[in-house]
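Heads up, the thing below is written out as structure tokens.
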Amino acid sequence: PKASLASLLEVDPAVVDALVGSSPQLRDDGATVAVEGFGGTLTSAQEAAWETVRASLLASELAVPRIKELGIDRELLYALVREERVVRIGDELVYLPGQIEEIIQRLEELPDRFTVADFRDTFGFSRKYAIPLLEYLDGRRVTVREGDLRSVRTRS
């Protein structure tokens with residue numbers, strides 16, 4: 001990201017824009033900067049690591065391992081999120097897009113107004129899963145938080 005690059009270099013974002021604009025080796029992708037020719041494809045080793053991560057996520061059903069338990073490096077994690085192969089939930093969790101869709105579909109099993117405990121019990125989650133997932137769903141406007149209660153937006 002340009003903002004991160006400017007911060008890392010301790011320069012104004014306009015300086016980054018000027019540098020990128022004058023360099024034939026860099027490409028301005030709007031909010032990000034990339035080396036010209038960078039296609040973002042995974043290496044064969046990264047693809048193999050992705051398959052291992054994917055298998056682990058599938059095997060876990062909805063109680064996915066924490067990111068650090070997946071043994072995934074930060075670069076691969078960012079690439080998988082960017083390519084929408086995984087959905088990052090908070091700082092510690094990633095889900096497959098299909099798993100998130102399953103959670104959204106199963107929200108129908110909850111009462112019209114539900115608590116964190118209702119969500120946790122319906123899905124069989126601990127709070128370490130329930131809270132970040134509900135915050136994600138709130139942020140995506142799938143659910144609406146009203147104090148200690150939530151509701152599914154489409155029901156409102």
Nearest 10, in degrees from 0 to 90: the angle of helix 44-59 to the longest Cα principal axis of the chain is 10 degrees
Could you state, as a whole-number percent, how many of the C-alpha pairs of segment 64-116 are farther apart than 13 Å? 65 percent
If amide H atoms are modeled at 1.01 Å from N in the peptide plane, then the residues at a separation of 5 or more from Thr32, or on another chain, having amide H under 5 Å from its own are Lys2
Net charge of neighbours whose Cβ lies under 13 Å from the Cβ of Ser60, counting Lys and Arg as +1 and Asp and Glu as -1: -1
Take the solvent-accessible surface of the protein heavy atoms, probe 1.4 Å, and return the percent of it on the chain that carbon and sulfur atoms account for. 52 percent
Evaluate the relative contact order of the chain (contact order divided by residue number), counting alpha-carbon pairs under 8 angstrom at least 6 apart; express in whole percent. 13 percent
Long-range amide H partners of Leu26 with built H, under 5 Å: Glu36
For a distance above 29 Å, tell me the whole-number percent of Cα pairs in the chain that qualify. 37 percent
Using a 10 angstrom cutoff on alpha carbons, build the Gaussian network for the chain and name the most mobile of Glu47, Glu83, Glu146. Glu146
Expressed as cubic angstrom per residue, what is the convex hull volume of the alpha carbon set of segment 1-88? 110 Å³
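The values are calculated or read from the model by the stated rules, or taken from the named source; none is laboratory data. As the structure is a computational prediction, the values presented were derived from the model and not from experiment. Glycine also receives a Cβ, built like all others from the backbone with ideal geometry; neighbour counts cover every protein chain displayed. We work out accessible area using only protein heavy atoms, side chains counted, and drop any ligands, DNA or RNA first. Shrake-Rupley method; radii C 1.70, N 1.55, O 1.52, S 1.80 Å.
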